[in-house]
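Every number here is computed from the coordinates shown, using simple stated rules; none is lab data. Here the structure is a predicted model, which is why all the values come from computation and not from measurement. We place every Cβ from the backbone using ideal geometry, glycine too, and count neighbours over all the protein chains shown.
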Amino acid sequence: MLTQQLNTKPHPTIINLKYYPPHNLMKIGVVGKPNVGKSTFFKASTLKDVDIQNFPFTTIKANVGAGYARIKCVCKEVEKQCNPRTGFCTDGYRYIPIELVDVAGLVPGAHEGKGMGNQFLNDLIFCDALIHIVDVSGSTNEKGDSVEMGSHNPVNDIKFLEEEIDLWLIGIIKKNWRKFVRTAHMQKEKGIEALTKQLSNINLKEEDTMEIYERLGFSDNLIEWTDDQIDQFVIEARKKTKPIIIGANKIDKLIGKYGIEKTKEKLKELQSATDSRVVPIFAEGELALRNAQKAGIVDYLYGNSDFKIKEDKISLLSSEQKQALDKIKDIMNVFDSTGVLNILNYAVFDKLDYICVYPAGTKTLCDKKGNVLPDVFLMKRDSTALDFAFKIHTDFGEKFIRAVNVKTKQVIGKDYVLKDKDMIEIIADK
């Protein structure tokens, strides 16, 4: 492994920290069959100590930790160094914590409990999106056993996992379908309202229910729905509430076997087989690089497209260590990064369509303790100033008077539509 070649260890104050997720933190599940590098991806994202072995079911209980999305921080605009309460800011980049949930490997039949599948799937119920880590090199079979490279088609993994997750959700909904439909009928609830309420635990919103209804053209009378219609609706609801992004991991092995151009062709083939975005990932390289950075061997900022070996460390590296770092650099040159932060950013800002908004005052950008811009909130695009007030605190929302755009100094009302990297002061009744 590259981490062994570099013979580095993460900084102990990072690796041993217990993780307590902040309230309302966005949650992203890391899924896939066994032995594809999920735990390596998780560890590279969080620097949390997890067991990594080359055999199936190394992960038994779900690992939970903080990964990060990254934006260019407004601290450069205001010419003040910010002091984040959560996450951190380095070199003008703000790292925003995202709760990652790494579940044990899923196998065909997981929705029926095979491989403890139901237990692991239940860990994903509150996730906003799922990152599916796929062994793009084709060196693990459907059960996660190591096989000859290229002998397994990763397209099959994409299809099986989406099917398992869909069947799991369908099973949950159908279990109480008749009872909930009868209750809705007796209470004279509309189908849209009843379904939204029933699927609220997977974050289905009424506007999403309406869109699916209109697109599928189903009857508003849920009693008339067939099994196939229930299945179809639940699958569409899953796509809305738990979109899947494909992480094509072990990209280094694919390049080693086929070369760069052939690898790019294979990635295009994989992309054409799914509606999900396919992001090339070198998780092992990212983990090795972050560990080398913590050990003081390289200058590297997480998510950047390059790194530099520190001059006073070059002579101390063995030829094997230099080759390992050269390998990482070559792959980063091809794909612009290791892909680990890229896929998190894509999930948050593209697939889920969130923007970043800072609470700030017009007179000072500090909180009561003097911390500059200590918070930044992820807000759904098209959110309003009133939505933002409620996000900060319920009292601010309920007692909202007006808001101020700190950048323009203009007073704005509750219906003001937020823009990315807005700095907003909320004025509420005391």
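Overall, the chain carries a charge dipole of about 1220 debye about its Cα centre when +1 sits on the Cβ of Lys and Arg and -1 on the Cβ of Asp and Glu, all other atoms neutral. Summary value for region 168-238: 41 percent relative contact order, contacts being C-alpha pairs under 8 angstrom separated by 6+ residues.
By the helix-only formula, in which each DSSP H run with n ≥ 4 contributes -39500 (n - 2.57) and the sum is divided by residues, the chain has a 222 nm mean residue ellipticity of -11000 deg cm²/dmol. As a ratio to 2.2 N^0.38 Å, the alpha-carbon radius of gyration for region 355-428 is 0.98. Is the shape of the chain best called rounded, prolate or oblate, per the rule: a/c under 1.5 gives rounded, else a/b larger than b/c gives prolate, else oblate, with a ≥ b ≥ c the square roots of the Cα gyration tensor eigenvalues? Oblate shape, in that a/c is at least 1.5 and b/c is the bigger or equal ratio. In region 217-359, the C-alpha radius of gyration followed by the widest Cα-Cα span (Dmax) gives 21.1, 75 angstrom.
Principal axis extents of the C-alpha atoms in region 269-318 (largest first, rounded to whole Å): 47, 21, 14.
For region 168-238, the square roots of the Cα gyration tensor eigenvalues, ordered a ≥ b ≥ c, give a/c below 1.5, which places it in the rounded category. Here region 355-428 is assigned +1 on the Cβ of each Lys and Arg and -1 on the Cβ of each Asp and Glu. Its dipole about the Cα centre then comes out at about 220 debye. The residue list 218, 184, 196 was ranked by how far each Cα lies along the charge dipole of region 168-238 toward its positive end, using unit charges on Cβ atoms, and 184 comes out on top. Ignoring solvent entirely, what values of log10 I(q)/I(0) come out of the Debye formula for region 225-300 at 0.12, 0.17, 0.19, 0.24 Å⁻¹ when each Cα is a single scatterer? Those come out to -0.57, -0.81, -0.88, -1.04, one per q.
Summary of packing: across the peptides 403-414, 206-217, 374-385, the per-residue average of other C-beta atoms within 10 Å ranks them, highest first, as 374-385, 403-414, 206-217. When you count the other C-beta atoms within 10 angstrom of each residue and take the mean per peptide, 87-96, 126-135 line up highest first as 126-135, 87-96.
The count of lysine pairs in region 355-428 with alpha-carbon distances below 15 Å, taking only pairs 8 or more places apart or on different chains, stands at 12.
Each peptide among 170-181, 234-245 gets the average number of other Cβ atoms lying within 10 Å of its residues, and from highest to lowest they stand as 234-245, 170-181.
Over the Cα atoms of region 277-395, each weighted equally, I'd like the Debye log10 I(q)/I(0) at q = 0.13, 0.15, 0.18 Å⁻¹, rounded to two decimals. Once normalised to I(0) and log-transformed, intensities are -0.72, -0.82, -0.93.
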